[in-house]
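The values are calculated or read from the model by the stated rules, or taken from the named source; none is laboratory data. What you are looking at is a predicted structure, and each value in this text was computed from that prediction instead of being measured. Glycine also receives a Cβ, built like all others from the backbone with ideal geometry; neighbour counts cover every protein chain displayed. Accessible surface is based on the protein model in full, side chains and every heavy atom, while ligands, DNA and RNA are left aside. Shrake-Rupley method; radii C 1.70, N 1.55, O 1.52, S 1.80 Å.
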Amino acid sequence: MRYPDGYIPGFFNKNSLTLHYGTWGKGANTLICFHGFGRRHEDFIRFTRPFGKVFRIVAVDIFFHGLSEVGNRKPDKTPLLAEDWAGFIQSFIDHLGSDKVWLMGYSLGGRLALKTAELLPHRVGGLYLFAPDGLVVNRWYTMLSNNMLGRSLFRFVIRYNFWLHALRSLLTASGLVSQRTAEFSMAQMRTPAMQWQVYHSWTFLRKIEPDFKVFAERLGPNAVTINLFFGAYDKIIPEKNARKLAAEYPSTRIHSLRSGHILLTAAIGELLWRDGLLQLPPKGE
């Protein structure tokens with residue numbers, strides 16, 4: 001990976017949590033970026049190349065990715081609570097020297113961005129979300145991460161990989177999970193290390209779920225606009241998932257791109273900038 005001119009790595013520590021991030025760009029506004037599962041903050045380097053004229057870009061490694069750490073905390077026993085995240089991310093924004101920030105999130109990172117805006121509406125100027133997680137309730141995610149029995153089952157099928165593949169076959173044969181979704185999920189869990197990364201990420205972040213009624217009540221008065229981008233051919237997180245959020249929060253703009261689930265490409269970044277699809281901060285903010 002070739003880092004952009006002016007790239008500066010950094011670490012932020014608070015309450016046993018360590019957030020690793022990279023900063024670049026010369027804009028007057030701060031854009032905090034959250035990547036997708038299994039990825040790292042470097043995903044945003046090429047994608048945000050045109051945006052550095054407007055933003056100082058701060059891309060972070062989500063916990064259990066890259067160099068971010070949770071110390072001695074056991075993710076399934078001591079998950080990240082909403083109030084913990086609110087205090088942590090507000091201190092991080094203060095650390096960056098910003099009064100207000102804009103948020104960008106892809107897939108799993110979109111859920112973090114939504115919850116951050118819900119918790120800190122007065123510190124957020126706008127959101128740019130790409131195929132974001134958290135728009136609908138995933139019953140399998142809920143079952144495997146939000147109750148003790150589900151977490152025990154999750155650990156069991158990781159330790160005994162035969163059962164992981166058997167469970168996949170059972171779910172697809174019964175029609176409870178589509179073949180495409182199952183294939184995508186298994187691609188995220190090809191190795192034991194990746195399987196444990198899924199387990200730790202899911203269980204640690206299980207309390208970080210947006211509540212759209214609360215979201216609308218808190219962000220409505222601030223007239224914060226959400227720009228949602230979906231791949232027209234995406235079967236993993238399709239555009240229809242945005243219906244509930246759009247119904248609760250009218251300041252939602254939905255864009256369809258000629259793509260699948262992979263959206264953070266240099267070509268799409270250039271397209272968004274060239275066609276003015278990102279609602280940029282007003283001058284002077």
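Here is how the numbers come out for the structure above:
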quantity	calculated
Contact order relative to length of the range 68-136, as percent, for alpha carbon pairs under 8 angstrom and 6 or more apart	31
Under 5 Å, built H, 5+ apart or other chain: amide partners of L257	F230, G231, A232
The chain, relative contact order in percent, only Cα pairs under 8 angstrom and at least six apart counted	20
Accessible area expressed per residue, the chain, with surrounding protein chains retained (probe 1.4 Å, Å²)	48
Carbon plus sulfur fraction of accessible area for the range 1-85, probe 1.4 Å, in percent	50
Calculated mean projected area of the Cα convex hull in nm² (choose from (1) 14.6; (2) 16.7; (3) 18.3), label	(1)
Between the range 1-41 and the range 208-254, the Cα center-to-center distance that results, in Å	24
Mean Cβ count within 10 Å, highest first, over the residues of peptides 144-157, 26-39	26-39, 144-157
Nearest-10 value in Å² for the accessible area of W273, using the 1.4 Å probe	80
The range 4-70 - convex hull of alpha carbons, volume per residue in Å³	75
Built amide H within the under 5 Å cut-off of F130, gap 5+	G105, Y106, S107, F229
Long pairs among K14/K100; K26/K235; K115/K283; K26/K100; K53/K244; K26/K240, criterion Cα-Cα beyond 28 Å	K26/K235; K53/K244; K26/K240
Residue-averaged 222 nm ellipticity for the chain, from DSSP H runs of 4+ at -39500 (n - 2.57), nearest 500	-11000 deg cm²/dmol
P(r) histogram, all alpha-carbon pairs of the range 64-163 included - 5 Å bins from 0, percent	2, 10, 15, 20, 21, 15, 8, 5, 3, 1, 0
